[in-house]
Amino acid sequence: MSSTYKVTVRDKAKGITHTLEVPGDRYILHSFEKQGVDLPFSCRNGACTTCAVKVIKGNISQPEAVGLSPHLQRKGYALLCVSYACSDLEVETQDEDEVYELQFGRYFAKGRVRKGLPIEED
């Protein structure tokens, strides 16, 4: 049997804070849903930024978060759909567009990309 942790999620968009006990071997999003709390999500497989949070306190593991760069993970961002609590945890939901911009913004408005370099538009 795995450890259980107290996980607090501050939902910025709704202005609500939820605190629940979550098993360390279950995805945080899934655990919250099973306990009747709806949090933002879309793909459920760690490929988008809809369920992105910023870790305020505690430790989180997200080995399957392919939709979030290692750089952003090191800055404390996580995807709840594929994250496990590794300690008591406090997180805050993020605006999906802001996280997406942090993740991919450097690629926008530079024309079509070929082999990593912008190419001229016809």
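The values are calculated or read from the model by the stated rules, or taken from the named source; none is laboratory data. Every value quoted in this text rests on a predicted model; they were computed, and no experiment measured them. Cβ coordinates were reconstructed from backbone atoms using ideal geometry, including for glycine residues, and neighbour counts include every protein chain displayed.
So which of LYS57, LYS12 ends up being loosely packed, with under 12 Cβ neighbours inside 10 Å and among the basic types (Lys, Arg)?
One residue alone meets the criteria, LYS57.
A single entry from ASP97, ASP88 fulfils the requirement of being within 21 Å of ALA13 (Cα to Cα) and of a type in the set (Asp, Glu): ASP97. Of the helices (runs of 4 or more DSSP H) entirely within segment 16-122, those holding at least 3 residues that are at pLDDT 95 or above, of a type in the set (A, V, I, L, M, F, W, C) and closer than 23 Å to TYR5 by Cβ occupy 28-34.
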